[in-house]
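**Student:** Sharing a structure, written as structure tokens. Questions coming.
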Amino acid sequence: MSEHRHDDHGHDHPHDHGSPAAEMTARVNALIGALEARGVATDADVTAVIERFLAAAGPSNGARIVARAWVDPAYRALLLEDANAAIAELGLDMSHWAPVELRVVENTARVHNIVVCTLCSCYPIALLGPAPQWYKSEAYRSRVVREPRAVLREFGVIVPDDRDVRVWDSTAELRYLVLPQRPHETDGWDEPRLAATITRDALVGAAEPMV
Amino acid sequence: MTFSVGDAVRTSGRDPEHHYRVPRYLRAKRGRIEAVHAAFPLADARAAGDPAPPIETLYTVAFDGSEVWLDGAEPNTVYHAELWESYLLPIDGVP
């Protein structure tokens, strides 16, 4: 992985496999300095853009998507077929600085899905906010591809051996979101109440909805 | 070589010096095309700073856990990776 460069697929990187964070910080500071020197943007402008993006990016977006899919079969079908079109119906957009293709994978009685980025930390940041530290850890990234059931057990998610586990590794241009199974206890609940059961971790397959 | 959903494929066994998006544990492994995506610039060339990188179809390829991890695999697990076309060979291809 020594040649792995992160500047070609735009998202945050832990830099825990060789390239020191200090090098990236220096690079970013040099770029901001150049923008300031040319009167293009100030450090405060850059910070404001990042804060605006992050203010709109959080797991409540993902939870709204799931709650809608649970109550509306046509929306669920669209979400699984063309996720970018489906989230646009809720006023959401994956793109921040570049277009990103979203794929939603559905948990069923026979299948449990879990998302990882083994290269770095690709994650649907626009829908979930910044990735948690565990998602970026080398332990998670290296173990979940080989022993996903053991990793899920540590998260408290017990998947029986006859229920398939599908691991989705974000190795290139796609980002993944998990559509959890709707808990039986939630019959008749409205969308806001359903959305409240869906945590950040459930949206990448590392938890079940909380009821 | 263009592939369709369901096609049996094998990853290349190549081990290049440059940036390359086939993880080592996934080299020369058999899988099947699970989804066909748009064409995207090849990451290898982009990482090398090529101003006009080749544009290749990207695929999601599914691999049975037992193909990748042999006896170390857990039961009924499937691993999916996004791989560019030049990383893949038809199942009877040569490396």
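The values are calculated or read from the model by the stated rules, or taken from the named source; none is laboratory data. Please read these numbers as outputs of a predicted model, since none were measured by experiment. As a convention, Cβ positions derive from the backbone with ideal geometry for all residues, glycine included, and neighbour counts pool all protein chains shown. Only protein heavy atoms, including side chains, enter the accessible area calculation; ligands, DNA and RNA are left aside. Shrake-Rupley method; radii C 1.70, N 1.55, O 1.52, S 1.80 Å.
**Student:** Taking the criterion of being in contact with an Asp or Glu (Cβ under 8 Å, 6 or more places away or on another chain), more than 21 Å from B:Asn76 (Cα to Cα) and acidic (Asp, Glu), would at least one residue in region A:155-171 satisfy it?
**Tutor:** Taking every residue of region A:155-171 in turn, none turns out to be in contact with an Asp or Glu (Cβ under 8 Å, 6 or more places away or on another chain), more than 21 Å from B:Asn76 (Cα to Cα) and acidic (Asp, Glu).
**Student:** If you don't mind, another one. Which one of these is under 12 Å from A:Gly205 (Cβ atoms) and open to solvent by 10 Å² or more (accessible area, probe 1.4 Å): A:Val159, A:Val144?
**Tutor:** One residue alone meets the criteria, A:Val159.
**Student:** Please determine whether any residue of region B:3-15 is within 13 Å of chain A (Cβ to nearest Cβ) and open to solvent by 10 Å² or more (accessible area, probe 1.4 Å). Give the derivation first.
**Tutor:** Looking only at region B:3-15, we keep the residues that are within 13 Å of chain A (Cβ to nearest Cβ), and these are B:11, B:15.
Now drop any that are not open to solvent by 10 Å² or more (accessible area, probe 1.4 Å), which leaves B:15.
Checking region B:3-15: at least one residue is within 13 Å of chain A (Cβ to nearest Cβ) and open to solvent by 10 Å² or more (accessible area, probe 1.4 Å).
**Student:** Being more than 13 Å from the chain's Cα centre (by Cα), in a strand (DSSP E or B), within 11 Å of chain A (Cβ to nearest Cβ) and among the aliphatic types (A, V, I, L, M) is the filter here, so list the residues in region B:47-95 that pass it.
**Tutor:** Hit for region B:47-95 is B:Val78, nothing else.
**Student:** Within region B:39-56, track down each residue that is open to solvent by less than 50 Å² (accessible area, probe 1.4 Å) and either closer than 20 Å to A:Arg175 by Cβ or in contact with a strand residue (DSSP E or B) (Cβ under 7 Å, 6 or more places away or on another chain) (or both).
**Tutor:** B:Phe40, B:Pro41, B:Leu42, B:Ala43, B:Ala47, B:Pro53, B:Glu56, listed by residue number.
**Student:** What number of residues within region A:125-182 are charged (D, E, K, R) and more than 10 Å from every other protein chain (Cβ to nearest Cβ)?
**Tutor:** Qualifying residue count for the region: 8.
**Student:** Of the numbered conditions (1) at pLDDT below 95; (2) loosely packed, with under 15 Cβ neighbours inside 10 Å, A:Ala172 fails exactly one; give the number of that condition.
**Tutor:** (2)
**Student:** A further question follows. Being crowded, with 18+ Cβ neighbours inside 10 Å, facing chain A (nearest Cβ under 8 Å) and part of a loop (DSSP other than H, G, I, E, B) is the requirement here; does B:Arg21 meet it?
**Tutor:** When the stated conditions are applied, B:Arg21 passes them.
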